[in-house]
Amino acid sequence: MNLKPLTILFFSRFAAPSTRAAFFMTLALGTGVAYAADAHPLAGSWSWKPFGSQCVETFEYRLNNTLQGTSGESLSEWNYTVTPQASEKGFYKVVETSMRHNGRKDCSGDTVDSSGTVNERFIQFSPARDMMLVCRQESLTACFGPLRRKR
């Protein structure tokens, strides 16, 4: 895998020992659903606070390829696809299609109805897969995060 120096700096801070036994399970907080270690690394609940905000955004990627996002009072539901393997640059491509949105204010104060919106994102995980960056392109030039896996 060809990682840029910035990526290596980001990951070296969060490096962890190698993955434990294949039977290790992660419980997605609040869902009551356990994800097997061999499930896609995106599966589960992820959260972050936008810079300078106390508001938390949470994204729950479910094994049935649905996603529930919360941001402030905003609640949205999406369908998603994700590549099974990372690219040579270390990114997974995620395509999200919005299905429903409650029209309430998100963490930035916007009330945008995202129904019907299609987002293409590129994600990169830390070595321990407990954090990820979400990027517009397959590079680290326009990203947000890190999102942390909720346990």
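Derivation of every value follows stated rules applied to the coordinates shown; laboratory data play no part. Being a predicted model, the structure only gives us computed values, none of them experimental. Cβ: placed from backbone, ideal geometry, glycine included. Neighbour counts: every protein chain shown.
Can you work out the FRET efficiency for the pair ASP110 and GLN85, with r the C-beta to C-beta distance and R0 = 35 Å, to the nearest 0.05?
0.55
What residues qualify as long-range amide H neighbours of GLY72, i.e. H under 5 Å apart, gap of 5 or more or another chain, H built at 1.01 Å from N?
VAL56, CYS107
Quick one: Karplus J couplings for the range 39-56, per residue in order, coefficients 6.51, -1.76, 1.60, θ = phi - 60°, nearest Hz, x for Gly and Pro?
Whole-Hz 3J(HN,Hα) from phi for the range 39-56: 5, 4, x, 6, 4, x, 10, 10, 9, 7, 10, x, 3, x, 10, 9, 6, 10.
How big is the charge dipole of the range 103-151 about its Cα centre, in debye rounded to the nearest 20, if each Lys and Arg gets +1 on its Cβ and each Asp and Glu gets -1 on its Cβ?
360 debye
When the Karplus curve 6.51 cos²θ - 1.76 cosθ + 1.60 is applied with θ = phi - 60°, which whole-Hz ³J(HN,Hα) does each residue of the range 137-147 get, with x for Gly and Pro?
10, 7, 7, 9, 7, 9, 9, 10, x, x, 8
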